[in-house]
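A.B. asks: Below are the structure tokens for one structure; questions will follow.
The values are calculated or read from the model by the stated rules, or taken from the named source; none is laboratory data. Bear in mind that the values here come from a model prediction, so they are computed numbers and not experimental data. Every residue, glycine among them, receives a Cβ derived from its backbone with ideal geometry; neighbour counts consider all protein chains shown.
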Amino acid sequence: MPDTASPLDRARRKMYLRLLPILFLGYMIAYVDRTNVGLTKLTMSKDLPAFNDAVIGAGAGIFFIGYLVLAIPGTLLIEKWSARKWLAWTMIAWGIVAAATSYVKTPIHFYVLRFVLGLAEAGFFPGVIVYLTHWFPSRDRARTLAWFFVATPIAQIVSPKITNLMLPFGMTETISGSGATAITRYHPELWGMKGWQIVYIFWGVPAVLLGFVVLWMLTDRPGQARWLDRDEREALEAELAREKHEKLSGKRMSVIEALQHPKVLLLAAAYFFIVTGNYGIEFFMPSIFDDWYHLKLGALTSMIVIPPMGSLLGQILVGWNSDRVGERRLHAALPIYLGATALLLTMFSRGNLWLTVAMFTFVMMGLKAYLPAFWTLPSLFLTESAAAGSIGFINSVGNLGGQVGPWVLGWIKHRTGMFEPGIVILGASMMISATIILLLGLGKRVAKPVHRGVEDPLGEAIQEPA
């Protein structure tokens with residue numbers, strides 16, 4: 001049968017199939033490379049005794065100080081130069097640095113490489129957010145971002161079991177019993193390396209390879225896309241130009257003006273408080289399960305892959321429904337409130353493993369489901385370089401919470417021997433974030449243009465509300 005879809009809908013479908021899989025894989029690998037320290041520490045600290053919870057927490061967070069330096073320049077390069085080249089070289093650089101972490105010997109080595117990893121990866125996430133605005137009309141944004149963001153829960157579901165296959169190399173595992181009667185098994189090193197070293201190399205190499213794929217497969221702008229038919233390119237560029245003209249009907253803001261805008265500053269604050277909770281939990285969730293239930297490595301990795309399934313479901317549903325009803329504010333704030341409440345309740349679940357898993361599933365849902373709606377908010381009142389610079393600013397300042405969260409939880413655990421006080425602080429931080437978003441006023445439901453019979457690029461016919 002001939003394809004009866006409009007040129008714009010055909011273009012949208014091709015964009016989903018061409019661009020999103022590459023960006024999805026890149027973000028999935030990036031997320032593993034920045035967070036796999038949460039699992040490697042379980043054996044790394046045995047080989048390197050100086051790497052206690054405080055050191056791991058500080059090193060995990062130093063990543064985000066490096067991240068702060070290049071996030072804004074990266075988004076401006078995406079806007080003014082070449083997304084394809086910037087994203088590619090970013091991926092190649094962070095892959096090399098991630099693999100080099102396998103050679104750390106002291107906390108100082110670890111801190112330096114985590115800082116450089118943050119520098120290397122800084123432009124990828126905010127750069128993709130800006131890049132997608134060059135391609136997808138506003139009515140597709142939350143749904144598009146949702147399919148990009150699900151890379152993180154997929155990474156959290158897939159990577160622990162893969163990592164678990166490598167971690168035992170070079171360690172002695174207790175199979176049964178304890179003390180003098182314990183039955184143990186020694187796993188020999190592989191190529192002279194311990195398991196945690198192999199993990200860093202294993203997850204660093206794909207980033208380098210994918211960087212070259214990005215150079216070959218991505219296209220900077222729709223007008224350069226030879227994989228779109230001429231009428232598809234023209235229809236897409238016309239739609240994007242129409243939206244841009246509508247936003248430019250008022251006063252245009254410079255990058256400096258945008259960075260001083262109260263709404264940009266409040267969005268950065270909201271992102272800081274939610275990221276504080278997010279990375280504090282993500283880096284230490286394996287340690288919390290280990291501390292509360294003393295699980296073997298295989299059982300532990302089986303438990304921690306369950307909570308990200310809540311993130312996966314939440315992101316897809318929020319992204320779809322936010323676009324469907326044209327509302328962003330509640331779709332961003334309410335999941336965070338849900339996650340914060342569940343996080344505080346985890347303390348009362350201790351002693352019941354499956355109840356703890358269930359609570360952390362709701363925690364992870366709240367920590368991720370807000371993302372598709374949240375990242376549509378800057379483009380509601382900003383365009384071009386102002387939007388690009390602001391997205392980089394919100395992301396980089398907000399991600400300083402990634403330094404605070406792991407440090408707070410690791411330091412408190414090291415000083416008190418308990419995770420519970422740190423959990424209370426992270427839960428309060430999440431509540432503050434949701435309240436800022438709710439009071440900001442951006443993203444309320446508005447009347448949308450009628451697009452009767454618009455085709456969902458993922459295969460579903462939708463009727464967008466008037």
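A.B. asks: Tell me, please, whether a residue that is aliphatic (A, V, I, L, M), under 26 Å from Leu371 (Cα atoms), surrounded by 23 or more Cβ atoms within 10 Å (Cβ to Cβ) and at pLDDT 85 or above can be found in the stretch 129-145.
C.D. replies: Step one: of the stretch 129-145, the residues aliphatic (A, V, I, L, M) are 129-130, 132, 142, 145.
Then drop every residue that is not under 26 Å from Leu371 (Cα atoms), which leaves 129-130, 132, 142, 145.
Within this subset, residues satisfying the condition of being surrounded by 23 or more Cβ atoms within 10 Å (Cβ to Cβ) are 129-130, 142, 145.
Subsequent filtering for residues that are at pLDDT 85 or above retains none.
Checked the stretch 129-145: no residue is aliphatic (A, V, I, L, M), under 26 Å from Leu371 (Cα atoms), surrounded by 23 or more Cβ atoms within 10 Å (Cβ to Cβ) and at pLDDT 85 or above.
A.B. asks: If you don't mind, another one. If we scan the stretch 448-464, do we find a residue that is modelled with pLDDT of 75 or more and out of contact with any Leu (no Cβ under 6 Å at 6 or more places or on another chain)? Even if it seems obvious, please write down each step before you answer.
C.D. replies: Let us first name the residues in the stretch 448-464 that are modelled with pLDDT of 75 or more, namely none.
No - not one qualifying residue is present in the stretch 448-464.
A.B. asks: Hey, can you tell me all the residues within the stretch 90-109 that are in contact with an Asp or Glu (Cβ under 8 Å, 6 or more places away or on another chain) and of a type in the set (S, T, N, Q)?
C.D. replies: The one that is in contact with an Asp or Glu (Cβ under 8 Å, 6 or more places away or on another chain) and of a type in the set (S, T, N, Q): Thr90.
A.B. asks: Oh, and also: On the basis of being surrounded by fewer than 19 Cβ atoms within 10 Å (Cβ to Cβ), among the charged types (D, E, K, R), without any contact (Cβ under 8 Å) to a residue 24 or more places away in the chain and at negative phi, does Arg242 make the cut?
C.D. replies: Numbers: surrounded by fewer than 19 Cβ atoms within 10 Å (Cβ to Cβ): yes; among the charged types (D, E, K, R): yes; without any contact (Cβ under 8 Å) to a residue 24 or more places away in the chain: yes; at negative phi: yes.
In short, yes.
A.B. asks: Scanning the stretch 303-340 for residues that are among the charged types (D, E, K, R) and assigned to a helix (DSSP H, G or I), which turns out nearest to Val357 (Cα to Cα)?
C.D. replies: This residue is Arg329.
A.B. asks: Would you check if there is a residue in the stretch 257-276 being crowded, with 24+ Cβ neighbours inside 10 Å, at negative phi, of a type in the set (Phe, Trp, Tyr) and in contact with a Ser or Thr (Cβ under 8 Å, 6 or more places away or on another chain)?
C.D. replies: yes
A.B. asks: Quick one: what pairs do we get from the stretch 146-162, first residue in a helix (DSSP H, G or I), second among the basic types (Lys, Arg), C-beta under 6 Å, 6+ apart or different chains?
C.D. replies: Every condition considered, no pair remains.
A.B. asks: Determine which member of the set Phe393, Phe362 is over 15 Å from the mean Cα position of the chain (by Cα) and farther than 25 Å from Tyr67 by Cα.
C.D. replies: Values: Phe393 fails: farther than 25 Å from Tyr67 by Cα.
Of Phe393, Phe362, the one residue that is over 15 Å from the mean Cα position of the chain (by Cα) and farther than 25 Å from Tyr67 by Cα is Phe362.
A.B. asks: Taking only the stretch 193-229 into account, find how many residues are in a helix (DSSP H, G or I), within 30 Å of Ala386 (Cα to Cα) and not β-branched (Val, Ile, Thr).
C.D. replies: In the first step, residues of the stretch 193-229 are kept if they are in a helix (DSSP H, G or I); the result is 195-217, 222-224.
Filter once more, so that each one left must be within 30 Å of Ala386 (Cα to Cα): 207, 210-217, 222-224.
Those left that are additionally not β-branched (Val, Ile, Thr): 207, 210-212, 215-217, 222-224.
Total meeting the criteria: 10.
A.B. asks: Now, a different point. Is it the case that Gly298 is closer than 30 Å to Met347 by Cα and in contact (Cβ under 8 Å) with a residue 40 or more places away in the chain? First the steps, then the outcome.
C.D. replies: Values: closer than 30 Å to Met347 by Cα: yes; in contact (Cβ under 8 Å) with a residue 40 or more places away in the chain: yes.
Taking the combined requirement at face value, the residue satisfies it.
A.B. asks: Residues to consider are Val404, Val424, Val408, Val397; find the one that is under 23 Å from Gly59 (Cα atoms), touching a residue at least 24 places away in the same chain (Cβ under 8 Å), out of contact with any helix residue (DSSP H, G or I) (no Cβ under 6 Å at 6 or more places or on another chain) and among the aliphatic types (A, V, I, L, M). Reasoning before the result, please.
C.D. replies: Numbers: Val404 fails: out of contact with any helix residue (DSSP H, G or I) (no Cβ under 6 Å at 6 or more places or on another chain); Val408 fails: out of contact with any helix residue (DSSP H, G or I) (no Cβ under 6 Å at 6 or more places or on another chain); Val397 fails: out of contact with any helix residue (DSSP H, G or I) (no Cβ under 6 Å at 6 or more places or on another chain).
Result of the check over Val404, Val424, Val408, Val397: Val424.
A.B. asks: Give the residues of the stretch 314-362 that are hydroxyl-bearing (Ser, Thr, Tyr), farther than 22 Å from Leu266 by Cα and crowded, with 23+ Cβ neighbours inside 10 Å, sorted by residue number.
C.D. replies: Within the stretch 314-362, the first condition is being hydroxyl-bearing (Ser, Thr, Tyr), and the residues that meet it are 322, 337, 341, 346, 349, 356, 361.
Then drop every residue that is not farther than 22 Å from Leu266 by Cα, which leaves 341, 346, 349, 356, 361.
If the condition is that a residue be hydroxyl-bearing (Ser, Thr, Tyr), farther than 22 Å from Leu266 by Cα and crowded, with 23+ Cβ neighbours inside 10 Å, then Thr346 is the only one that fits.
A.B. asks: Kindly indicate the residue of the stretch 161-192 that is closer than 18 Å to Lys46 by Cα and among the charged types (D, E, K, R) and also modelled with the lowest pLDDT among those meeting that condition.
C.D. replies: Glu173
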